[in-house]
Protein chains: 2
Amino acid sequence: MSNRGSVENNIERDLIALFGEEAVKLGLEKLPYLHDSTEMQGLSGRADAVVLPEALDQICQLVAWCYSRGVPIIPRGGGTGFAGGAVPIDGGVVCSLERLNRILDFSPEFWRMQVEAGVTTGRVQRVARENGLYYPPDPGAAELSQIGGNLACNAGGPHSFKYGTTASWVTGIQMVIRAGDVVTFGGPVRKDVAGYDLRSLFIGSEGTLGIITGAWLRLIPAPEASHTVIAGYRDFRSGVAGLGRVLAYGLTPATLEYFDEGCVGATRRAFPGGLSDDVNFLVLSETDGSAGEADRISDQLMDALKQDAVFLSRTHDPRATAALTRWRSGVSFAVSAQRGGKMSEDIVVPFDKLAAAIQMLGDLEAQFHLPSCSWGHAGDGNLHATFMVDAASPEEITRAELATEALFARALEMHGSVSGEHGLGWVKRSQFHRQFGPAEASLLTGIKLLFDPDNIFNPGKKVILPHE
Amino acid sequence: MSNRGSVENNIERDLIALFGEEAVKLGLEKLPYLHDSTEMQGLSGRADAVVLPEALDQICQLVAWCYSRGVPIIPRGGGTGFAGGAVPIDGGVVCSLERLNRILDFSPEFWRMQVEAGVTTGRVQRVARENGLYYPPDPGAAELSQIGGNLACNAGGPHSFKYGTTASWVTGIQMVIRAGDVVTFGGPVRKDVAGYDLRSLFIGSEGTLGIITGAWLRLIPAPEASHTVIAGYRDFRSGVAGLGRVLAYGLTPATLEYFDEGCVGATRRAFPGGLSDDVNFLVLSETDGSAGEADRISDQLMDALKQDAVFLSRTHDPRATAALTRWRSGVSFAVSAQRGGKMSEDIVVPFDKLAAAIQMLGDLEAQFHLPSCSWGHAGDGNLHATFMVDAASPEEITRAELATEALFARALEMHGSVSGEHGLGWVKRSQFHRQFGPAEASLLTGIKLLFDPDNIFNPGKKVILPHE
């Protein structure tokens, strides 16, 4: 209890009276709830209170309490988003879902699981696996990220290429909306077209329409085997040509990732076994299925990737695979470490524009005099396009912001999107009117105002309202 | 031009002036547009005009024209739905999409196709196939049904078990909404979380939020091979136990269908090679993948299904498969032919309730003295639960309606849905308040009124508005 601070305001006092001491964080305990937990950019907010309800009825009470007083409420999962979606920008009550962490039903024989929002992604993955099943979404930070947050962001990850994003695995959703009503759309059924698809509308709504409190997840039998194929190229053009051949051959690996020159440069020494200096572009792909199938697809993948490859290898050794996974998980940090900071955006382009997008980033590097790099989910055309900055230089950060604006504009010119995975949150909300024309924007703001006319739920995020 | 009638009202006159003679159907030419084209139930409406725009700008004009005059507009694809969703109940303008039938872009190397709404499902399937690709949704009546209608209903079909419904294959949607604005959500990109997921909201909206005019579809490499496995059982309990073992074994066939006793009875003689009298329940399943994979899964499927089977066989002979497909396509008609009419509903239950749902239908048969049967997408828990009626007996039809009401109530008690494939349309709109509680219903009607405050788009369908 050494970090336990004292009550600072009436909101904390009232919420302690309602939910008890253990449900309200005070003083320094509040700090972890004021910023994205895996983001080093420094966006941090302030909260009038940080509340951790332990059950659905407490969330209903909390929402009713906030709603009747016009107090903003900021739902929070694991805080592993990158767009500031869970950051309380200017007060209000943070509602952390971490204590709603029960698996309410698990029916392995029927390939489904019903969970509360605070169950971690990693726990769902493990419980599925130990029963011969598989939950494919893998947005990263699985031990911190929570299913509710995954739904709120429609989280993706490498395996989206074959398996789709989180939305593909949700058959039902439970939300607390408006003044504290609980609504459910879908459930344990695999199909339902009776109403409008509000399940999908809530998925990806980033906490702005209500609080996701639970979900019914669909699982599949775990693939028997997986192989990893990795190829290194001298330049991005050879590598992207290889990626194109993977699609042209009609192969469906589970993941299809790339790492460009800047990225390879930042992680060359950490790469298992090292990388020779003539490798400036990597393709990493996992194949899965029955043992025969994983083997067959990786054979064909090797064939598709071999032209112009400096090296090409495959493995299904668990240790080698784990080493590659560790390296992959460290890429973002290694890139940040280059100059102390980075500005990284999850743009998406149609697959045929992947080479153009990588080239475009090089052009912006030259134009704005900022080192850049990109990596990501090649098969989905989803880049993590990054400018490496000196975090201590306001001038550089401003320059990176201008470069990023140009990046978004180019992505949209390519019929892409400013966000494939992270959402707009707070950080990218200024892109709202860039991505959406007036007619589309008016529908999106209409949805927000329909569900949340008083702008209580995560205000300022995702959409720009007419008066803002 | 022998069916060409004369102009009957000012609406037809005005629309001819706007769009030309060839765009407006008159007299008897209108008849096919007044009822579901594959439904024999007899629901038929009346239209003030039937218009076939030939391009997007004409749809915008038509919507603006209707909107400014308060004239209802009923979008229509192939008319192959079963819920009266495309039937003009009481006047208004039918807007048939059949002339918007261009494939705007097809990029086989990038696994995608951009189509206008009036392109038939069969054409998309064939164009994909002849380029080594596959469009999995197969709602039936592929040569009549149109992609726009498939999206409007989020159409399913047998292959939904492995591949998901239409929504899983749409990366972008174009709609004409409100007073004639064109909006686009998504596009050729495979991921996009910048806004709320209005793409999914429009999919399954049954023409009540606007007119779907185009879509970007995602394709996958065509499976190399497919096998068909069929098993016959003495009773439904043995058959459903076999289905349960398929899931318990962790098998993922492409389809997993069943046909109960009433259904088998109605089609026994049409079954390829005939069926012995002790077969009262059939399981039909397709496996697909590489040649080895389709073979391997069908081996395991045979193993899962063999217990208590009266017969069990497999084939990958195209003629045998085609014969089975023909039989399968005729089931609905054969059932209708038993007594001249049927009342058939596409309820869904969680998979573990499949046996209970089939049993429940038997109980209702006894209670309401009406022969019943069911068949459908077992893997998705999606039944076509059917009462066979004398179409000439109003008393029997009333009895079937009461039985169907009871059916819906029981499906919902099992945490199911009143519709897995067909939507509520007109026929099932009375189920709206049965399926949705007050809080859910208010959100759904709120969505309708947000997009269509004057209730111009397909009024009376899908939702029940507060004043109705």
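The values are calculated or read from the model by the stated rules, or taken from the named source; none is laboratory data. Note that the coordinates shown come from a computational prediction; the quantities given were computed from them, not determined experimentally. Note that we place each Cβ from the backbone using ideal geometry, even for glycine, and neighbour counts take in every protein chain shown. With ligands, DNA and RNA removed, areas are computed over all heavy atoms of the protein, side chains included. Shrake-Rupley method; radii C 1.70, N 1.55, O 1.52, S 1.80 Å.
Looking across segment B:402-432, the residues that are at pLDDT below 95 and more than 9 Å from chain A (Cβ to nearest Cβ) come down to B:GLY425, B:TRP426, B:VAL427, B:ARG429, B:SER430.
Matching residues to (1) crowded, with 22+ Cβ neighbours inside 10 Å; (2) farther than 19 Å from A:PRO318 by Cα:
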{"position": "A:PRO221", "(1), (2)": "no, yes"}
{"position": "A:ARG245", "(1), (2)": "no, yes"}
{"position": "A:ALA248", "(1), (2)": "no, yes"}
{"position": "A:THR255", "(1), (2)": "yes, no"}
{"position": "A:ARG268", "(1), (2)": "no, yes"}
{"position": "A:GLY273", "(1), (2)": "no, no"}
{"position": "A:ASP277", "(1), (2)": "no, yes"}
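Has segment B:326-343 got at least one residue that is more than 18 Å from B:VAL246 (Cβ to Cβ), among the β-branched types (Val, Ile, Thr) and in contact (Cβ under 8 Å) with a residue 12 or more places away in the chain? There is at least one residue in segment B:326-343 that is more than 18 Å from B:VAL246 (Cβ to Cβ), among the β-branched types (Val, Ile, Thr) and in contact (Cβ under 8 Å) with a residue 12 or more places away in the chain. Of all residues in segment B:187-196, which are more than 30 Å from B:SER290 (Cβ to Cβ) and surrounded by 24 or more Cβ atoms within 10 Å (Cβ to Cβ)? Result: B:ASP192, B:VAL193, B:ALA194, B:GLY195, B:TYR196.
A search for C-beta distances below 6 Å between a residue of segment B:162-180 that is open to solvent by 10 Å² or more (accessible area, probe 1.4 Å) and any residue that is hydrophobic (A, V, I, L, M, F, W, C) and part of a loop (DSSP other than H, G, I, E, B), counting only pairs 6+ apart in sequence or on different chains, returns B:LYS162/B:ALA254; B:ALA167/B:ILE203.
Kindly indicate whether any position in segment A:54-62 is open to solvent by 30 Å² or more (accessible area, probe 1.4 Å), free of Cβ contacts under 8 Å to residues at least 40 places away in the same chain, closer than 16 Å to A:ASP181 by Cα and not assigned by TED's automatic domain parsing to the domain that holds A:VAL115. Yes, segment A:54-62 contains at least one residue that is open to solvent by 30 Å² or more (accessible area, probe 1.4 Å), free of Cβ contacts under 8 Å to residues at least 40 places away in the same chain, closer than 16 Å to A:ASP181 by Cα and not assigned by TED's automatic domain parsing to the domain that holds A:VAL115. When B:THR208 is tested against (1) within 30 Å of B:PRO318 (Cβ to Cβ); (2) touching an Asp or Glu at 6+ places or on another chain (Cβ under 7 Å); (3) more than 7 Å from chain A (Cβ to nearest Cβ), exactly one condition is not met: (1). Among B:GLY195, B:GLY186, which is the only one that is without any contact (Cβ under 8 Å) to a residue 40 or more places away in the chain and either over 24 Å from A:SER417 (Cα atoms) or more than 7 Å from chain A (Cβ to nearest Cβ) (or both)? None of the other options fit; the residue is B:GLY186.
Restricting attention to segment B:99-137 and to residues that are closer than 24 Å to B:VAL24 by Cα and in contact with a Leu (Cβ under 6 Å, 6 or more places away or on another chain), the residue that is surrounded by the most Cβ atoms within 10 Å (Cβ to Cβ) turns out to be B:ALA117. Within segment A:14-30, being surrounded by fewer than 13 Cβ atoms within 10 Å (Cβ to Cβ) and part of a helix (DSSP H, G or I) holds for A:ALA17, A:GLU21, A:GLU22, A:LEU28.
B:ARG123 falls short of the stated requirement of being facing another protein chain (nearest Cβ under 9 Å) and among the basic types (Lys, Arg). Residues in segment A:366-393 that are surrounded by 15 or more Cβ atoms within 10 Å (Cβ to Cβ) and on the phi > 0 side of the Ramachandran plot: A:GLY376, A:GLY381.
When A:TYR258 is tested against (1) more than 14 Å from chain B (Cβ to nearest Cβ); (2) more than 30 Å from A:ALA152 (Cα to Cα); (3) aromatic (Phe, Trp, Tyr), just one condition goes unmet, and that condition is (2). Given the condition closer than 18 Å to A:GLY85 by Cβ, more than 9 Å from chain B (Cβ to nearest Cβ) and either at pLDDT below 95 or open to solvent by 30 Å² or more (accessible area, probe 1.4 Å) (or both), answer yes or no: does some residue in segment A:438-454 qualify? Within segment A:438-454, not a single residue is closer than 18 Å to A:GLY85 by Cβ, more than 9 Å from chain B (Cβ to nearest Cβ) and either at pLDDT below 95 or open to solvent by 30 Å² or more (accessible area, probe 1.4 Å) (or both).
The set of residues in segment A:128-143 being under 20 Å from A:PRO221 (Cβ atoms) and not small (Gly, Ala, Ser) consists of A:ARG129, A:GLU130, A:ASN131, A:LEU133, A:TYR134, A:TYR135, A:PRO136, A:PRO137, A:ASP138.
Counting only helices (runs of 4 or more DSSP H) that sit wholly inside segment B:93-212, those with at least 1 residues that are farther than 30 Å from A:ILE447 by Cα and under 19 Å from the mean Cα position of the chain (by Cα) are B:121-129, B:160-163.
Which condition does B:PHE202 not pass, out of (1) more than 10 Å from chain A (Cβ to nearest Cβ); (2) crowded, with 23+ Cβ neighbours inside 10 Å, if it passes all the others? That leaves (1) as the condition not met. When every residue of segment B:70-81 is checked against the conditions, at least one turns out to be more than 27 Å from the chain's Cα centre (by Cα), small (Gly, Ala, Ser) and closer than 22 Å to B:PRO453 by Cα. When B:GLY156 is tested against (1) touching a helix residue (DSSP H, G or I) at 6+ places or on another chain (Cβ under 9 Å); (2) open to solvent by less than 10 Å² (accessible area, probe 1.4 Å); (3) within 8 Å of chain A (Cβ to nearest Cβ); (4) under 30 Å from A:GLY425 (Cα atoms), only condition (4) is not met. The listed residues are B:GLU396, B:GLU405, B:GLU421, B:GLU401, and the only one of them that is outside the structural domain of B:THR267 (by TED's automatic domain parsing) and either more than 21 Å from B:ARG178 (Cα to Cα) or surrounded by fewer than 21 Cβ atoms within 10 Å (Cβ to Cβ) (or both) turns out to be B:GLU421.
Check every one of the helices (runs of 4 or more DSSP H) wholly within segment A:351-468 and list those with 3 or more residues that are more than 29 Å from A:LEU305 (Cα to Cα) and touching a residue at least 24 places away in the same chain (Cβ under 8 Å).
Details: elements: A:354-368, A:394-413, A:432-435, A:438-451.
Ranges flagged: A:394-413, A:432-435, A:438-451.
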